[in-house]
1. Using only helices, what value at 222 nm comes out for the chain when you add -39,500 (n - 2.57) per DSSP H run of length 4 or more and divide by the total residues, to the nearest 500 deg cm²/dmol?
2. Hey, any idea what % of the range 24-100's accessible area is carbon plus sulfur with a 1.4 Å probe?
3. Cross-link partners among lysines for Lys33, C-alpha distance below 17 Å, same-chain residues fewer than 8 apart left out?
4. Counting other Cβ atoms within 10 Å, keep those with at most 13, restrict to DSSP loop, and tell me which chymotrypsin sites (Phe, Trp or Tyr not before Pro) in the range 56-85 are left.
5. Please give the net charge around Ile83, taking every other residue with its beta carbon less than 13 angstrom from that of Ile83, where Lys and Arg add +1 and Asp and Glu add -1.
6. After finding the eigenvalues of the alpha carbon gyration tensor for the range 72-141, what semi-axes result from the square roots of 5 times each, listed largest first in whole Å?
7. Considering just Cα atoms, how many Å³ per residue does the convex hull of the chain enclose?
8. Once the whole set of protein chains is in place, how much accessible area is left on Asp120, using a 1.4 Å probe, in Å² to the nearest 10?
Amino acid sequence: MAIERTLSIIKPDGVERNLIGSILKRFEDAGLKVAAARLSHLSQQEAEGFYAVHSERPFFGELVEFMTRSPVFISVLEGENAILRNREIMGATNPAEAAEGTIRKDFAKSIGENTVHGSDGPDTARDEIAYFFPSSQVYGG
Ligand code: CMP
């Protein structure tokens with residue numbers, strides 16, 4: 001199986017509730033390694049750029065407002081099948097549909113405040129990692 005990298009964000013609702021350690025533990029227990037990480041209070045421009053693919057969606061304004069409300073914890077996770085593995089650990093976007101034992105089932109309040117983001121495929125992972133981290137700040141391997 002391939003070693004992949006994926007971008008993970010612990011969103012404002014997760015950081016505000018002091019869940020960084022609990023969430024990282026789930027990734028580490030599943031064999032994913034943190035290859036880069038930082039806390040960041042996103043500007044409106046950064047959040048709009050990151051979610052540009054959703055700019056025409058009715059929830060875009062609400063999404064940007066939420067993501068800029070307070071700091072987020074951004075990381076690169078590395079491991080076998082990291083993109084899919086991370087998505088399995090997170091659970092469905094809508095916590096009402098998330099499987100038992102997933103981060104969103106256990107911690108998320110709503111589809112808007114759903115605690116974590118993870119890249120949805122190889123192309124997005126590459127672009128999202130590059131959006132936040134120059135390659136010199138990713139320590140995988
Ligand atoms: P995320 O995986 O970060 O990618 C886009 C985000 O948009 C998604 O998680 C949700 O937080 C948010 N989102 C998706 N659908 C809705 C919706 N119907 N209402 C509000 N926010 C949404």
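1. Using -39500 (n - 2.57) per qualifying helix, the result is -10500 deg cm²/dmol.
2. About 50 percent, which is the carbon plus sulfur part of the accessible surface.
3. Within the straight-line cut-off, Lys33 pairs with Lys25.
4. Sparse-neighbourhood loop chymotrypsin sites (Phe, Trp or Tyr not before Pro): Phe59.
5. -4
6. Equivalent ellipsoid of the range 72-141: 24, 13, 10 Å, largest first.
7. 104 Å³
8. Around 100 Å² of this residue is reachable by solvent.
The values are calculated or read from the model by the stated rules, or taken from the named source; none is laboratory data. Note that the structure is a prediction, hence the values are computed from the model and not measured. Cβ: placed from backbone, ideal geometry, glycine included. Neighbour counts: every protein chain shown. Remember, those area values only see protein heavy atoms, side chains included, never the ligands or the DNA or RNA. Shrake-Rupley method; radii C 1.70, N 1.55, O 1.52, S 1.80 Å.
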